[in-house]
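Colleague: The structure's right below; bear with me while I get my questions together.
The values are calculated or read from the model by the stated rules, or taken from the named source; none is laboratory data. Source: prediction; values computed, not measured. Note that each Cβ is placed from the backbone with ideal geometry, even for glycine, and that neighbours are counted across all protein chains shown. Side chains included, ligands, DNA and RNA excluded: accessible areas come from the protein's heavy atoms. Shrake-Rupley method; radii C 1.70, N 1.55, O 1.52, S 1.80 Å.
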Amino acid sequence: QVQLVESGGGLVQAGGSLRLSCVASGRTFSRDFVGWFRQAPGKEREFVAAAGWRAGSIYYADSVKGRFTISRDNTKNTVYLQMNSLKPEDTAVYYCATGMGGAISRSTDYLYWGQGTQVTVSS
């Protein structure tokens, strides 16, 4: 069993930055993919970014490419999502997930989820 806890969300103006953190406990995820997803009100949960355990194994949704950066510190069992140049359309609850057993960008293929952290970007 893995417990994931996200933090770092908040209210920011358009063009601003936030850094989200996801800390795992119960089991190391150093050999697992870790993904970030988001869900806006009335919309489906969508893929944002994912990082594998191999160097260079990084994936982004087209909508965040060039603005968001995913990184991981396996010594701290933590994954980060640095979000720059935020836009109002980035407003959502952001979730981290691990235990991926299929498609990297498919939320249903992840087994463990955090409770989410709210990101609100004002225009």
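Colleague: What's the ranking of 68-81, 26-39, 50-63 by average number of surrounding C-beta atoms within 10 Å, highest first?
Modeller: Descending mean neighbour count gives 26-39, 68-81, 50-63.
Colleague: Quick one: Karplus J couplings for region 13-26, per residue in order, coefficients 6.51, -1.76, 1.60, θ = phi - 60°, nearest Hz, x for Gly and Pro?
Modeller: 7, 3, x, x, 9, 9, 10, 8, 10, 9, 9, 9, 9, x
Colleague: Cα centroid distance between region 77-123 and region 28-50, in Å?
Modeller: Here the answer is 4 Å between Cα centres.
Colleague: Give a residue-ordered list of calculated ³J(HN,Hα) values for region 98-110 (Karplus: 6.51 cos²θ - 1.76 cosθ + 1.60, θ = phi - 60°; whole Hz; x for Gly, Pro).
Modeller: Those phi angles translate into 8, x, 6, x, x, 7, 4, 9, 9, 4, 5, 8, 9 Hz.
Colleague: With a 1.4 Å probe and every protein chain kept in, tell me what percent of the accessible surface of the chain is carbon plus sulfur.
Modeller: 48
Colleague: Of all the Cα-Cα pairs you can form in region 18-123, what percent are over 22 Å apart?
Modeller: Percentage above 22 Å: 23.
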